[in-house]
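The values are calculated or read from the model by the stated rules, or taken from the named source; none is laboratory data. Because the structure is a prediction, the values reported are computed rather than measured. Glycine gets a Cβ as well: all are built from the backbone with ideal geometry, and neighbour counts include every protein chain shown. Accessible surface is based on the protein model in full, side chains and every heavy atom, while ligands, DNA and RNA are left aside. Shrake-Rupley method; radii C 1.70, N 1.55, O 1.52, S 1.80 Å.
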Amino acid sequence: MVHLARLPRLPEPTRRALTFWRRSIQARVVISTVVLSAVVFSVVGWFLLQQTRDGLLENRVDAVVTEANGGTAAARNLLDSAVGTDSDADTQRQQLAATIIQRGETRGFSAVLFGPSEPGSRITDGGATFTPGLDTHSVPEDLQAHFDHDTSTAWTYTNIETTDSDGSTSEEPGIVVASQVTLPADSETYTLYYLFPLDEQAQTLALVTRALLTAAVLLLVLVAGMTWLVTRQVVTPIRLARRVAERLAAGQLQERLKVAGEDDLARLATSFNQMASNLQRQIRQLEELSRVQRRFVSDVSHELRTPLTTVRMASDVLHDARTDFDPVTARAAELLQTELDRFETLLADLLEISRFDAGAAVLEVDNLDLSAVARRVVEATAPLAHQRGVQVVVRAPDEPCLAEGDVRRVERIVRNLVTNAIDHAAVDGEDAGIVVQVAGDDHAAAIAVRDHGIGLAPGESSMVFNRFWRADPARARTSGGTGLGLSIALEDTHLHGGWLQAWGRPGEGAQFRLTLPRHAGSVLRHSPLPLVPADVAEPVS
């Protein structure tokens, strides 16, 4: 057996948000449009930022390479002018370092002079002169390794680390351009590193980013507002139609939609109003027909009572004197008496049905014991059961099974169920007989009547409560029923707020279950007895 873990209960704000999302078309359209627009703006903004960044860096690289070449050319001119003088290598090196550092301070970049440079030598080995405050680790290792096998000018991106006079350090992105010169005094090769910061480009890119974000936010707000206005024009008529439809469903058949314009929504409103008018006319016709029918049944039932009383008096006289008649006349008097009994019962049932249809039936609520009701009904129907050769058994708990209800109506329900079971019970075989089972719990009480007769075909469990319906039209009513008993039982059950359900299977009999709430007005959620009998094997799927 697989046990499913219980999911944690969502917080109240989350459940309200999900409910609002499910119920509001306008919210879903607006939010979906804003989300999709945000995705599109993000992609377009990222593309524009990349293009702007690449353009800024490309222009900056061209500028710093040109600046570095100019600085190298000036250094070479300085060294060429020193040829023929008596200056030594140290003097030339110091003049070269002072020139490029001063040029860098003037033009906003840092400089490093390293040398003599030989393959495999690095700035960290010592011998470098650089702008004060510059961290020589700002020169990447791979750029220094470039001159191990090549002497051409090279550049790369880096992070320029500097130390201020107060000891604080800072780091900013930059570009390093490297080239080499030869000192005439010692013919040694020295490497010049120019470190150009990218702070202006970073500021420009930040400005562009802020502008794009501001524009994107404003566009999203504009898109959300436009979507809300557009969807409102469509959703508002739909909401009005929903409210009118709810009023129509509640019985306010005079409600109509206001028609404005000639667009699709206006034509929809016109069609809706036409449909409502047709429904109102048909419902009123059906109500009038139903009222006439109920009045006819009620009037006929009342009008028949007077001649029936006269016929009954004459029938009683004939029935009492049947011993003085010949056998054929005596039998006719008995048949007349029997059919008059059935006719009176039919009239009583028709009057009861008319009261249900007119909504005039009321309950006289009192405490009742379903176990006692079942025993009284079984005892009252014992002659009929004996006549049919059927045994009726009551299975009830020893303690009372109490519920609040109308004793007369509940007894009528149970009597109809038992007599119906006697009509359709099996007479022969080990399964012959009827079982009346009673059970209850803290919330409900139930009676189930089980027979082993012809049963019910699929779909007949809901039709069995229809008026004058029979499972087998060719089968005679041995109890003299009118065909309205189960219909009246169902109406009585509804008055109590209970359930009356049927189960049946061809050849395996049927079971009817009455479930009543313990307290009048309570809502039923389960029944103490199963609808499908325990002695029935479940079909193998």
Cβ pairs under 6 Å, 6+ apart or interchain, first in region 34-58 and more than 14 Å from Leu218 (Cα to Cα) and among the hydroxyl-bearing types (Ser, Thr, Tyr), second at pLDDT 90 or above and assigned to a helix (DSSP H, G or I), ordered by first then second residue, are Thr52/Val208
List the number of the failed condition for Gln437; all other conditions in (1) assigned to a strand (DSSP E or B); (2) crowded, with 24+ Cβ neighbours inside 10 Å hold.
(2)
Could you check how many residues of region 108-122 are of a type outside the set (Ser, Thr, Tyr) and surrounded by fewer than 21 Cβ atoms within 10 Å (Cβ to Cβ)?
6
When Val112 is run through (1) touching a strand residue (DSSP E or B) at 6+ places or on another chain (Cβ under 9 Å); (2) at pLDDT 85 or above; (3) assigned to a helix (DSSP H, G or I), the failure sits at (3)
Counting only residues that are farther than 13 Å from Ile25 by Cα and surrounded by 15 or more Cβ atoms within 10 Å (Cβ to Cβ), how many does region 219-239 have?
3
Which condition number in (1) touching a helix residue (DSSP H, G or I) at 6+ places or on another chain (Cβ under 9 Å); (2) surrounded by 15 or more Cβ atoms within 10 Å (Cβ to Cβ); (3) at pLDDT 75 or above is the one that Ser298 fails?
(3)
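Each row is one residue, and each column tells you yes or no for (1) of a type in the set (S, T, N, Q); (2) surrounded by fewer than 11 Cβ atoms within 10 Å (Cβ to Cβ).
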{"position": "Ala266", "(1), (2)": "no, no"}
{"position": "Gln282", "(1), (2)": "yes, yes"}
{"position": "Gln285", "(1), (2)": "yes, yes"}
{"position": "Ser290", "(1), (2)": "yes, no"}
{"position": "Gln293", "(1), (2)": "yes, no"}
Residue, modelled with the lowest pLDDT, within region 407-434, restricted to residues that are assigned to a helix (DSSP H, G or I), open to solvent by less than 20 Å² (accessible area, probe 1.4 Å) and not β-branched (Val, Ile, Thr)
Asp423
Against the definition (modelled with pLDDT under 75, touching a helix residue (DSSP H, G or I) at 6+ places or on another chain (Cβ under 8 Å) and not acidic (Asp, Glu)), how does Ile238 come out, yes or no?
no
List the number of the failed condition for Tyr194; all other conditions in (1) at pLDDT 90 or above; (2) in a helix (DSSP H, G or I); (3) surrounded by 15 or more Cβ atoms within 10 Å (Cβ to Cβ) hold.
(2)
Being aromatic (Phe, Trp, Tyr), open to solvent by 60 Å² or more (accessible area, probe 1.4 Å) and modelled with pLDDT of 85 or more: is that true of Phe130 here?
yes
Among Thr214, Thr189, Thr204, Thr163, which is the only one that is open to solvent by less than 70 Å² (accessible area, probe 1.4 Å) and within 60 Å of the chain's Cα centre (by Cα)?
Thr204
Name the residue, out of Leu516, Leu484, Leu500, that is within 20 Å of Arg412 (Cβ to Cβ), open to solvent by less than 20 Å² (accessible area, probe 1.4 Å) and touching a His at 6+ places or on another chain (Cβ under 7 Å).
Leu516
Given the structure, is Arg256 under 34 Å from the mean Cα position of the chain (by Cα), loosely packed, with under 13 Cβ neighbours inside 10 Å and either under 26 Å from Gln26 (Cα atoms) or of a type in the set (S, T, N, Q) (or both)?
no
